[in-house]
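Engineer: Before we start, here is the structure in question, set down as structure tokens.
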Amino acid sequence: MGEARQFHPPLSRRAFFRRISPLAAGLVSATATLADSSRDAPDLSRTVFSVRRYGAKGDGSTKDTRAIQAAIDAASRQGGCVYLPPGRYLCGTLRLRSHVTLQWENGAELFASQDRADFDPYERLPFNSFSDEETTDFNFALIRGRELDGVALVGPGRIDMARSKRGGPKPIALKLCKNIVIRDLTIENAPNYNISLLGCDFVEIHGVAIRNGYCDGIDPDSCRHVRISDCYVESWDDAIVLKASPSLGYLRACEQVTITNSILTTACNGLKLGTESSDGFRDIVMSNCAIFSNPERWPNRRASSGLSLEMVDGGTLERIAVSNLTMRDVRAPIFVRLGNRGRRQPVPAPGRLSDISISDIIATGAEWASSFTGLPEHPIERLTVRNLRVTTKAQLEQSPWSNSNEVPEFAEKYPDAGMFGQLPAYGLFCRHAAGVLFDSISLSLEDSDARPGAIFDDLSGGELRSLLVQAPRGETPALLFRDLRECLVTNCRALPGAGPWAKATGARTARLSFAANSLAACAKPVEIGNDVDPRAVIGVSSAR
């Protein structure tokens, strides 16, 4: 597209601006009105900076880094839009400036150079970050920015990182920036975190498509006031993962974040908080997402989890609401973990995981039980799981644990949905929790299994309501309760099975009450273990 065609008749200003993004719509409307009503309309060539005007070729072979950087620098002097007409722009590191919009036309592509020397070198921090370079570095990137205010990256063009394995520059890396918009871009073949944000505030990411990523998709680390919506993420590693790492040199929570209306396919985790959890996560809402494994893209790898909430480094994870997720062929639909890895802590001490609501989840093709695990004396607190429907595949590997008290705590272990291996329950495993509500839980099998459907171990002050669990084969109970205290089991319905519907065990069991359950389908509704005081179980016979 020639220079005259971009900024001078015969293409009017109004016609030109119809072609750029809604982000510039306000400028378009105001300018068009001025042009119609005044002979003194502003010269838009002063606010829209075509990279061709600064020497960019866009032919896919000429390095256009200097030309595009010159356009960015020119736009920054008064604020403006750097415009990329259709073409393939071969580039190394571009440094964003405040109050600049980088606008890709449809058919415009930033194409990452294969020459490492074209990129800024890795950032060297003057402190021990305790994290890897992928998490801490914000220099080695195609588009980078630091301490900026008011930047936008707007499609409908694309970024092609042109890599075929993990290890290389990030497509977008922003650190300590605010008022950021990233919209309607496609990012392909990235060897590092696709959109990497550290210590950023007021961020909108909308309509972004990430394809064939070899690392994480979208990573807000220690960020606040972030909206992620209507995205497609295809990444070998985690799709969307929030972090609270020590990479700034000080601790900062990740808080006030919403994630919604997105499609996520991954070989690791779909939606995740952690594993970087030195500070914490607060006021996070995740909703309306479809998560699935992609055997065509990764034939020998399935997603580890659909949803992971992890607090293992002493921080606080609280006020998290998750709703309306569908999952297909994800190994563990849900993984909630309070651990004690203690990264950065002089003396490791467990943090806090509380006030969590998870609702309206449908998962098929699961292989591992969903797990909710705290630590002894450090329980998960105030957890609500409602309307969970999971179908589990036939057991593919033998569980090393025959019952819940054999499962190690693994307090210091890296948190991952597969950290325990196959658990002694096929659908749900909850241990060390207080003030929980499990309501309207449906667990079923594609094939038979000898394990209980659900195990609840070391719970206090909980309510288990409307549990519908397919009975395992043999004499195994559908539900196993161990060391439950001040807990109510109500409005449940037993499905036909050879063994008891439920079994209560554990010497610490106290005031475990059963009420308003429909258990006629089972010959032996509730079995009470020899280690339980019969007076501790209320509402059923004391038959052992």
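Read the figures in this text as sums done on the coordinates, not as results from a lab. None of the values given here were measured: they were computed from a predicted structure. Positions of Cβ are backbone-derived with ideal geometry, glycine not excepted, and every protein chain shown enters the neighbour counts.
Engineer: Can you sort Leu488, Leu307 from fewest to most other Cβ atoms within 10 Å of each residue's own Cβ?
Structural biologist: Leu488, Leu307
Engineer: All other residues with a Cβ under 13 Å from the Cβ of Gln395 taken together, and with Lys, Arg as +1 and Asp, Glu as -1, what is their net charge?
Structural biologist: So the environment of Gln395 carries a net charge of -1.
Engineer: Run through the stretch 270-342 and list the GluC sites (Glu not before Pro) located in a DSSP loop whose Cβ has at most 16 other Cβ atoms within 10 Å.
Structural biologist: Answer by residue number: Glu296.
Engineer: Follow-up. Of the cross-linked pairs Lys170/Lys243; Lys57/Lys165; Lys272/Lys413; Lys170/Lys413; Lys175/Lys413; Lys243/Lys393, which ones have a Cα-Cα span greater than 23 Å in the structure shown?
Structural biologist: Checking Cα-Cα distances, Lys57/Lys165; Lys170/Lys413; Lys175/Lys413; Lys243/Lys393 exceed 23 Å.
Engineer: Expressed in nm to one decimal, what extension gain is obtained for the pair Ser164 and Leu125 from 0.36 nm per residue of sequence separation less their Cα-Cα distance?
Structural biologist: Residue separation times 0.36 nm, minus the Cα-Cα distance, leaves 11.2 nm.
Engineer: Moving on to the next point. Using DSSP to define loop residues, name the GluC sites (Glu not before Pro) in the stretch 110-151 whose beta-carbon has at most 15 other beta-carbon atoms within 10 Å.
Structural biologist: On the way: sites: Glu123, Glu133, Glu134, Glu147; in loops: Glu123, Glu147.
Those satisfying the criteria are Glu147.
Engineer: For Asp439, what is the net charge nearby, where nearby means another residue's Cβ is under 15 Å from its Cβ and Lys, Arg count +1, Asp, Glu -1?
Structural biologist: Counting the neighbours of Asp439, the net charge comes to +3.
Engineer: Where the centre of each part is set by its Cα atoms, how far does the stretch 353-429 sit from the stretch 298-348, in angstrom?
Structural biologist: Cα centroid of the stretch 353-429 versus Cα centroid of the stretch 298-348: 11 Å apart.
Engineer: Sticking with this structure for a sec: Once you treat every alpha carbon in the stretch 122-200 as an equal point and sum by Debye, what is log10 I(q)/I(0) at q = 0.18, 0.19, 0.23, 0.25 Å⁻¹?
Structural biologist: Values returned for q = 0.18, 0.19, 0.23, 0.25 Å⁻¹ are -0.75, -0.82, -1.12, -1.24.
Engineer: What does the net charge come to around Val233 if you take all other residues with beta carbon closer than 13 Å to its beta carbon, with K and R at +1 and D and E at -1?
Structural biologist: On the way: positive: Arg211, Lys272, Arg297; negative: Glu188, Asp216, Asp219, Asp230, Glu234, Asp237, Asp238.
Charge balance in the 13 Å sphere: -4.
Engineer: Could you tell me the relative contact order of the chain? Use alpha-carbon pairs under 8 Å, at least six residues apart, and round to a whole percent.
Structural biologist: In percent, rounded to a whole number, it is 6.
Engineer: Residue-wise, which Karplus ³J(HN,Hα) couplings in Hz belong to the stretch 421-437, taking 6.51 cos²θ - 1.76 cosθ + 1.60, θ = phi - 60°, and x for glycine or proline?
Structural biologist: For the stretch 421-437, the Karplus curve yields x, 5, 7, x, 10, 8, x, 8, 9, 10, 9, 6, 8, 9, x, 9, 9 Hz.
Engineer: Using DSSP to define loop residues, name the GluC sites (Glu not before Pro) in the stretch 411-490 whose beta-carbon has at most 13 other beta-carbon atoms within 10 Å.
Structural biologist: Values: sites: Glu412, Glu446, Glu463, Glu475, Glu486; in loops: Glu412, Glu446, Glu475.
Within the stretch 411-490, the qualifying GluC sites (Glu not before Pro) (loop, at most 13 other Cβ atoms within 10 Å) are Glu412, Glu446, Glu475.
Engineer: What ranking do Ser448, Ser262, Ser129, Ser293 get, fewest neighbouring Cβ atoms within 10 angstrom at the top?
Structural biologist: Numbers: Ser448 13, Ser262 25, Ser129 18, Ser293 22.
Ascending Cβ contact count within 10 Å gives the list Ser448, Ser129, Ser293, Ser262.
Engineer: What longest region of the chain stays clear of chymotrypsin sites (Phe, Trp or Tyr not before Pro) that DSSP places outside H, G, I, E and B and that have at most 11 other Cβ atoms within 10 Å? Display every interim value, and only then the final one.
Structural biologist: On the way: sites that count: Phe127, Tyr250.
Here the longest run is 251-544.
Engineer: How would Glu204, Glu105, Glu406 line up from fewest to most surrounding beta-carbon atoms within 10 angstrom?
Structural biologist: Glu406, Glu204, Glu105
Engineer: Additional query: Can you grab the distance from the C-alpha centre of the stretch 454-525 to the C-alpha centre of the stretch 116-133, Å, no decimals?
Structural biologist: 53 Å
Engineer: From the phi angles alone, apply the Karplus equation (6.51, -1.76, 1.60; θ = phi - 60°) to the stretch 51-60 and give each ³J(HN,Hα) in whole Hz, x where the residue is Gly or Pro.
Structural biologist: The phi angles translate into 5, 5, 5, 9, x, 5, 8, x, 9, x Hz.
Engineer: Can you give the helix-only mean residue ellipticity at 222 nm for the chain, where every DSSP H stretch with n ≥ 4 adds -39500 (n - 2.57) and the sum goes over all residues, rounded to the nearest 500 deg cm²/dmol? Can you show the working numbers first?
Structural biologist: On the way: 5 runs with 39 residues, N = 544.
Taking each H run of at least 4 residues, the total per residue is -2000 deg cm²/dmol.
Engineer: Separate question: Computed from these coordinates, which is semi-axes √(5λ) of the Cα gyration tensor in Å: (1) 54, 27, 20; (2) 53, 22, 20; (3) 46, 37, 27?
Structural biologist: (2)
Engineer: Positive end of the dipole of the stretch 74-161, charges at C-beta (+1 Lys, Arg; -1 Asp, Glu), about the Cα centre: which of Gly150, Phe127, Thr93 has its Cα farthest in that direction?
Structural biologist: After comparing all options, I get Gly150.
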